[in-house]
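Student: Below is one structure. I have some questions about it.
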Amino acid sequence: MVKNIYIIGLGLIGGSLALSIKRKDPTIHIMGYDLNGDQASLAKKLGAIDEISPTLFPNLSAVDMIFISTPVQQTINIIEQLQSIELKQGVIITDVGSTKVKIVESAKKYLNGTTIKFIGGHPMAGSHKSGILAAKSQLFENAFYILTPSENVTAQDLTCLTNVLEETRANFVEMSPEEHDKVTGIISHFPHIVAASLVSQAEKHEDQFPLLKRLAAGGFRDVTRIASSNPAMWRDILLHNKGPLLHLFDEWIAEMERIKSFVANSESDNLYSYFDQAKQFRDELPKKQRGAIPSFYDLFVDVPDYPGIISEITGYLAKEEISLTNIRIIETREEIYGVLRLSFQTDHDRELAIDCIRKYSNYETFII
Ligand SMILES: NC(=O)C1=CN([C@@H]2O[C@H](COP(=O)(O)OP(=O)(O)OC[C@H]3O[C@@H](n4cnc5c(N)ncnc54)[C@H](O)[C@@H]3O)[C@@H](O)[C@H]2O)C=CC1
Ligand SMILES: O=C(O)C(=O)Cc1ccc(O)cc1
């Protein structure tokens with residue numbers, strides 16, 4: 001029976017897991033720690049955790065399960081330190097890192113010979129946003145959640161973890177760390193490199209074409225959204241997954257050379273086939289299921305904390321016929337002002353909402 005959980009790293013992923021665990025069983029006591037004290041305080045105020053740990057390693061002797069939800073290099077540092085900490089017999093330790101080989105190797109190196117059950121984990125959903133304010137209990141709904149259990153982990157240990165995570169409504173899959181890193185290299189890590197490189201290419205031409213930024217809408221925005229992700233997190237992911245990525249670079253460069261030659265030699269049939277084949281494979285990808293993709297278009301509004309503020313704001317939006325998908329008050333500050341989070345289905349709706357709130361009030365709006 002899991003009663004006490006400790007979460008290290010209370011950002012987007014740690015915060016979302018905490019919220020979903022609380023939703024599953026509010027009696028589970030969650031203690032949390034984050035290097036950034038503001039994130040930890042927000043996590044407590046949002047009800048994601050019950051208690052803030054003042055240090056990375058408080059007394060953990062009664063903790064049944066530990067989640068490490070920090071950037072991947074930090075995760076390894078924490079695993080290394082855990083070897084000399086007094087823990088409960090048979091404690092389950094899991095992580096959420098986007099890479100698995102190096103993390104699982106470090107668990108083997110530092111935790112072997114202990115009674116710790118290490119289960120590598122990777123919820124395959126998220127966003128380009130960071131931090132607890134972007135956390136949602138339903139972030140992983142319908143997403144795959146990959147698990148890479150170590151040798152001493154039993155089926156019962158796995159069930160214990162997936163039970164605690166039941167309310168994520170994710171689909172749990174077991175995989176070897178090597179297969180995980182190869183696959184995520186192809187479908188996640190390398191696409192991040194490509195997205196960033198397209199943005200960087202556009203930036204290089206900005207002086208020459210002053211309108212470029214404003215014209216870069218539609219497809220360019222779609223294909224480069226992930227370039228807005230946390231740079232430190234992605235630097236560490238790339239450094240962890242060097243082998244598979246170097247191989248993908250070679251493949252990609254050869255692919256670019258091949259298409260370049262189609263264009264240079266006006267090989268119209270080859271160009272058509274290239275796009276046609278890509279379209280067919282893309283069209284066969286499973287459709288997005290409800291809840292699998294979080295709503296990205298959030299707008300934060302600084303509002304005075306008085307009754308009726310929600311109906312005031314929604315009233316303005318209704319006047320302009322702007323549809324909301326969600327609304328939530330986040331009490332992030334001690335003073336009189338609170339923050340209202342409004343979620344929209346599209347970026348366009350959010351832009352309309354900014355203009356609308358400006359038109360009818362003096363409340364400040366911001367996007368994170
Ligand atoms: N962002 C995403 O969409 C996804 C991220 N991941 C993985 O989840 C992990 C966390 O990512 P996010 O939650 O997105 O990042 P985040 O930046 O939102 O949160 C990470 C938190 O860890 C804290 N932290 C950093 N070092 C720490 C340390 N030594 N001790 C305690 N706290 C520390 C930071 O202050 C921050 O609040 C990463 O390993 C990432 O690869 C996995 C799936 C999706
Ligand atoms: O924003 C997006 O679409 C992402 O790609 C989110 C993401 C980031 C890191 C992961 O390991 C898994 C998912």
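Student: Being touching a residue at least 24 places away in the same chain (Cβ under 8 Å) and not in a loop (DSSP other than H, G, I, E, B) is the filter here, so list the residues in the range 39-60 that pass it.
Tutor: Gln39, Ala40, Leu42, Ala43, Lys45, Leu60 - these are the residues of the range 39-60 that are touching a residue at least 24 places away in the same chain (Cβ under 8 Å) and not in a loop (DSSP other than H, G, I, E, B).
Student: OK, next. May I ask you to list pairs of residues, at least six apart or on different chains, whose Cβ atoms are under 8 Å apart, with the first in the range 242-262 being farther than 16 Å from Thr99 by Cα and the second being outside any helix (DSSP H, G or I)?
Tutor: Between residues of the range 242-262 that are farther than 16 Å from Thr99 by Cα and residues that are outside any helix (DSSP H, G or I), the close pairs are Ser261/Glu267.
Student: Hey, another quick one. Return a yes/no flag: does the range 160-179 have any residue that is of a type in the set (Gly, Ala, Ser), surrounded by 20 or more Cβ atoms within 10 Å (Cβ to Cβ) and either in a loop (DSSP other than H, G, I, E, B) or touching a helix residue (DSSP H, G or I) at 6+ places or on another chain (Cβ under 8 Å) (or both).
Tutor: Yes, the range 160-179 contains at least one residue that is of a type in the set (Gly, Ala, Ser), surrounded by 20 or more Cβ atoms within 10 Å (Cβ to Cβ) and either in a loop (DSSP other than H, G, I, E, B) or touching a helix residue (DSSP H, G or I) at 6+ places or on another chain (Cβ under 8 Å) (or both).
Student: Could you check, for the range 77-89, whether at least one of its residues is touching a strand residue (DSSP E or B) at 6+ places or on another chain (Cβ under 8 Å), under 20 Å from Ala232 (Cβ atoms), more than 9 Å from ligand 1 (Cβ to nearest atom) and free of Cβ contacts under 8 Å to residues at least 40 places away in the same chain?
Tutor: Checking the range 77-89: at least one residue is touching a strand residue (DSSP E or B) at 6+ places or on another chain (Cβ under 8 Å), under 20 Å from Ala232 (Cβ atoms), more than 9 Å from ligand 1 (Cβ to nearest atom) and free of Cβ contacts under 8 Å to residues at least 40 places away in the same chain.
Conditions (1) closer than 21 Å to Arg282 by Cβ; (2) at pLDDT 95 or above; (3) in a helix (DSSP H, G or I); (4) within 14 Å of ligand 1 (Cβ to nearest atom), marked per residue:
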| position | (1), (2), (3), (4) |
| --- | --- |
| Ser197 | yes, yes, yes, no |
| Lys213 | no, no, yes, no |
| Gly219 | yes, no, yes, no |
| Gly243 | no, yes, yes, no |
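Student: Out of the range 124-159, which residues are basic (Lys, Arg) and either at pLDDT below 90 or assigned by TED's automatic domain parsing to the domain that holds Ile186 (or both)?
Tutor: Matches in the range 124-159: Lys129 only.
Student: Additional query: Within the range 20-38, track down each residue that is part of a helix (DSSP H, G or I) and open to solvent by 40 Å² or more (accessible area, probe 1.4 Å).
Tutor: Arg23, Lys24, Gly37, Asp38
Student: What are the residues in the range 12-63 that are of a type in the set (Gly, Ala, Ser) and under 21 Å from Gln74 (Cα atoms), if any?
Tutor: Scanning the range 12-63 gives Gly14, Gly15, Ser16, Ala18, Gly32, Gly37, Ala40, Ser41, Ala43, Ser53.
Student: Cβ contacts < 8 Å: first residue closer than 27 Å to Ile187 by Cα and assigned to a strand (DSSP E or B), restricted to the range 99-122; second residue open to solvent by 30 Å² or more (accessible area, probe 1.4 Å) and at pLDDT below 95, any location; separation 6+ or different chain. Result?
Tutor: Correct list of pairs: empty, since none qualify.
Student: Then there's this: Within the range 4-19, work out how many residues are among the small types (Gly, Ala, Ser), within 16 Å of ligand 2 (Cβ to nearest atom) and part of a helix (DSSP H, G or I).
Tutor: Result for the range 4-19: 3.
The values are calculated or read from the model by the stated rules, or taken from the named source; none is laboratory data. None of these values were measured; they are calculated from a predicted model. Cβ sites come from the backbone with ideal geometry, for glycine too, and all protein chains shown count toward neighbours. Heads up: the accessible areas ignore ligands, DNA and RNA and are worked out on the full protein's heavy atoms, side chains in. Shrake-Rupley method; radii C 1.70, N 1.55, O 1.52, S 1.80 Å.
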